[in-house]
Amino acid sequence: MNKKNDLKVFITTRESTCEECKEELGHKAWITLHKDKGALCLTCADMDHLVFLPSGNAALTRRARKHSVLSAVVLKWSRARKRYERQGLLVETNALELAEKECLEDSDARARRRERDAERRAVLDKQYIKKFAKCIRDLFPGCPSGRDVIIAEHACLKYSGRIGRSAEARSFDKKTINLAVIAHIRHLETQYDKLMAKGFERWEARKQVQKQVNEVLRKWESS
Ligand SMILES: [Zn+2]
């Protein structure tokens, strides 16, 4: 299929006449060139049933060319670059329609796959949050209702970028859960953020709220 020899159609730059029907084609006419005959209009060259597909869509071009029994490369002389430049392809209407259908199916298939992936990710994330929240409740039964989910969602955001079984498993460690809960308490139950805003060093601010954090932790640990 690929071994096919494309015919060439030229967009002329000068006035030309069809050698066969003698029609004046003007300049910028679409012609074929034949060794013994010279220029031929597309009607005389039996190519006027073909439709023009401009360059630019590689997949569509490749498919249209494959399906078209007869196809022709359309070339135009570039005066600036002193060479012929490809403008597109002349292909059979059926071939173009078939190619368009295939490309459309492809993009539909891609869209469907994206949807499936997003759905799966959403389910995974929900499971992650549920699992993380349960870990928190197991360790901190006194944690106010709803806070476990807030902390879990935050952890999920943090770990969602680190794909992989080990990263996910590690995020359910007792130590990780503890750190997540402590950070949450620091921000929501103490003056930590205000101290930071005032210009306290991190270690200093942490030291200031340490006692308060421990009190909340103890309260949450007991049911
Ligand atoms: Zn002609």
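The values are calculated or read from the model by the stated rules, or taken from the named source; none is laboratory data. This is a predicted model, so every value here is computed, not measured. Here Cβ is always computed from backbone atoms with ideal geometry, including for glycine, and neighbour counts include all displayed protein chains. Each accessible area value is taken on the protein alone, full model and side chains, heavy atoms only, with ligands, DNA and RNA left out. Shrake-Rupley method; radii C 1.70, N 1.55, O 1.52, S 1.80 Å.
Annotations for the structure displayed:
- Some residue of the range 75-96 being in contact with an Asp or Glu (Cβ under 6 Å, 6 or more places away or on another chain), open to solvent by less than 80 Å² (accessible area, probe 1.4 Å) and in contact (Cβ under 8 Å) with a residue 24 or more places away in the chain: yes
- Scanning the range 107-128 for residues that are open to solvent by 60 Å² or more (accessible area, probe 1.4 Å) and either touching a Leu at 6+ places or on another chain (Cβ under 7 Å) or within 25 Å of Ser55 (Cβ to Cβ) (or both) turns up Asp108, Arg110.
- Remark: pairs (first residue in the range 206-223, aliphatic (A, V, I, L, M); second residue assigned to a loop (DSSP other than H, G, I, E, B) and surrounded by 14 or more Cβ atoms within 10 Å (Cβ to Cβ); Cβ separation under 7 Å; 6+ apart in sequence or on different chains) = Val209/Thr190; Val209/Gln191; Val213/Thr190.
- Tabulated pairs, the range 31-45, first within 15 Å of Leu90 (Cβ to Cβ), second among the β-branched types (Val, Ile, Thr) and more than 9 Å from the ligand (Cβ to nearest atom), C-beta under 6 angstrom, 6+ apart or interchain: Ile31/Thr12; Thr32/Val9; Leu40/Thr32; Ala45/Thr32
- Val69, sole failed condition from (1) part of a loop (DSSP other than H, G, I, E, B); (2) surrounded by 13 or more Cβ atoms within 10 Å (Cβ to Cβ): (2)
- Screening the range 38-64 for residues that are of a type in the set (Gly, Ala, Ser) and more than 16 Å from the ligand (Cβ to nearest atom) and picking the one that is surrounded by the most Cβ atoms within 10 Å (Cβ to Cβ) gives Ala64.
- Members of the range 25-36 found to be among the charged types (D, E, K, R) and either within 16 Å of Ile11 (Cβ to Cβ) or within 10 Å of the ligand (Cβ to nearest atom) (or both), listed by number: Lys28
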